[in-house]
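The values are calculated or read from the model by the stated rules, or taken from the named source; none is laboratory data. Note that the structure is predicted; figures quoted are calculated from it, not measured. Counting neighbours? That spans all protein chains shown, and the Cβs are built from the backbone with ideal geometry, glycine included. Calculation scope for accessible area: heavy atoms of the full protein, side chains included, ligands and nucleic acids excluded. Shrake-Rupley method; radii C 1.70, N 1.55, O 1.52, S 1.80 Å.
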Amino acid sequence: MAKVGDRFKTSQVCETSGTYTFDGYEDAGARPQPTANERSIPMRAGEKFPPIRSTGASCWWRLAQVMHTR
């Protein structure tokens with residue numbers, strides 16, 4: 001199970017359902033910053049982390065909040 005603060009790359013499989021925030025692009029190339037709507041995403045365990053929609057670029061996602069399920 002992932003902990004708050006753990007990072008994941010585009011295409012990795014999500015281990016822990018929760019809210020993830022943009023934490024930088026995978027490569028060091030200059031790119032526009034993601035839109036406000038793209039900076040935070042909900043993810044469920046088993047889904048693959050997406051690229052940033054507006055640029056199609058791979059990025060890092062950081063777990064900000066764990067979603068507790070019953």
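Remarks
- For D6, net neighbour charge (Lys/Arg +1, Asp/Glu -1) across residues whose Cβ lies under 15 Å away: +2
- Computed on the Cα trace of the stretch 15-70, the radius of gyration divided by the Kirkwood hydrodynamic radius gives Rg/Rh = 0.99.
- Protein heavy-atom accessible surface, 1.4 Å probe, per residue over the stretch 1-68: 61 Å².
- Neighbour net charge for F22 - beta-carbon separation under 14 angstrom, K R +1, D E -1: +3
- Taking a Cβ cut-off of under 12 Å around A57, the surrounding Lys, Arg, Asp and Glu residues balance to a net charge of 0, with basic ones at +1 and acidic ones at -1.
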